[in-house]
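Notes follow once the structure below has been shown.
The values are calculated or read from the model by the stated rules, or taken from the named source; none is laboratory data. This one's a predicted model, so the numbers in the text were calculated from it and none came from an experiment. Cβ placement follows ideal geometry from the backbone for every residue including glycine, while neighbour counts extend to all protein chains displayed. Side chains included, ligands, DNA and RNA excluded: accessible areas come from the protein's heavy atoms. Shrake-Rupley method; radii C 1.70, N 1.55, O 1.52, S 1.80 Å.
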Amino acid sequence: RIFSFLDVVTLCRCAQVSRAWNVLALDGSNWQRIDLFDFQRDIEGRVVENISKRCGGFLRKLSLRGCQGVGDNALRTFAQNCRNIEVLNLNGCTKITDATCTSLSKFCSKLRHLDLASCTSITNLSLKALSEGCPLLEQLNISWCDQVTKDGLQALVRGCGGLRALFLKGCTQLEDEALKYIGAHCPELVTLNLQTCLQITDDGLITICRGCHKLQSLCASGCCNITDAILNALGQNCPRLRILEVARCSQLTDVGFTTLARNCHELEKMDLEECVQITDSTLIQLSIHCPRLQVLSLSHCELITDDGIRHLGNGACAHDRLEVIELDNCPLITDASLEHLKSCHSLERIELYDCQQITRAGIKRLRTHWGGIKVHAYFAPGGAPPSVGGSRQGGCRCCIIL
């Protein structure tokens, strides 16, 4: 029982003390959760095979994240021996192919969480296999598996209707039709990541909103074709939304964010970087209707002014919620905004890179007000703010962290 509380390294050390301790330390019941990320460069297939033989049915959770020496053969042996596995992380195991998912489908019916991010040889065949053999699957990460298409997603959701989290970042072949399958078959979905799925439009995401009312986290950053119709659909159908990331979605406007803020009062994190059309009006709505807001990125939102920050500083989230605000490349922001943010008592970090009207004196006053806050900013040599139009890439800049 004592040994069951020890980590992998300590167990291995204990196993060298004596024969009696070796038996106890290497007992399979002590190896229910294993994370080999710290040893990824040394992990080869035979290590995984030996672990599977030692642990057998006791193993519930295994992370091989970044273990590029592990391939299909080792994971087939693993699947045969560890049939009670529930959580498996193969992120960055670039040698594996569809054969691994076939093995998991055949032997690991209790699998709930599977991470295959950056396993670029994975195709639709893997998703079809998981659909047939892993009906309890709740979380799947196939980010950067760019061979996956709508056919694979269709097969997956028909057999794994209990999916709660789906990470599809960088799956560039996915179209709206794939999202329509998700919306029709995954009513329990809570988290969806579609970052840089460039072919996605309003049609697909609206289907998600209408079919997945429990949605709490949506990342559509880089999906440059979406419009305010998405924000309206989220506001009308997903009142539990907590996280919204729509960076580089330049067609979104104040009109859409107004509808969103008035209906999604549980918002905690919003990434609006490069949503270049939004103005202070969006900040006014957020300050009134979103009292739980903790992290807000407005970088490159060049129409934001001190007045919008003033409303935010006086808003419901200001006193004890707002922790991070990013205002990089907001050229209309001045030291007055820093004064308005003094009312945000939980604020931990402010990003002000290339805010040409922010001065050292303004930051110093804020620093005097709060000793622990981190302010990240760029200034030209000699202490003057950078010239208008400056950037981190162009010319000489000195970064200060106060």
Segment 208-248, subset of a type in the set (Lys, Arg) and assigned by the TED database to the domain that holds Thr282, residue most open to solvent (accessible area, probe 1.4 Å): Arg240
Check Asp271, Asp320, Asp307, Asp280 and return the single one that is more than 19 Å from the chain's Cα centre (by Cα), surrounded by 18 or more Cβ atoms within 10 Å (Cβ to Cβ) and acidic (Asp, Glu). Asp280
Give the residues of segment 13-38 that are without any contact (Cβ under 8 Å) to a residue 12 or more places away in the chain and either among the hydroxyl-bearing types (Ser, Thr, Tyr) or closer than 17 Å to Gly71 by Cβ (or both), sorted by residue number. Ser18
For segment 76-89, check the following and say yes or no: at least one residue is free of Cβ contacts under 8 Å to residues at least 40 places away in the same chain, of a type in the set (Ser, Thr, Tyr) and over 30 Å from Lys128 (Cβ atoms). no
Just for helices (runs of 4 or more DSSP H) wholly inside segment 1-111: which have at least 2 residues that are of a type in the set (S, T, N, Q), crowded, with 18+ Cβ neighbours inside 10 Å and under 29 Å from the mean Cα position of the chain (by Cα)? 98-107
Given the options Glu348, Glu339, name the one that is in the same structural domain as Cys290 (by the TED database) and in contact with a helix residue (DSSP H, G or I) (Cβ under 9 Å, 6 or more places away or on another chain). Glu339
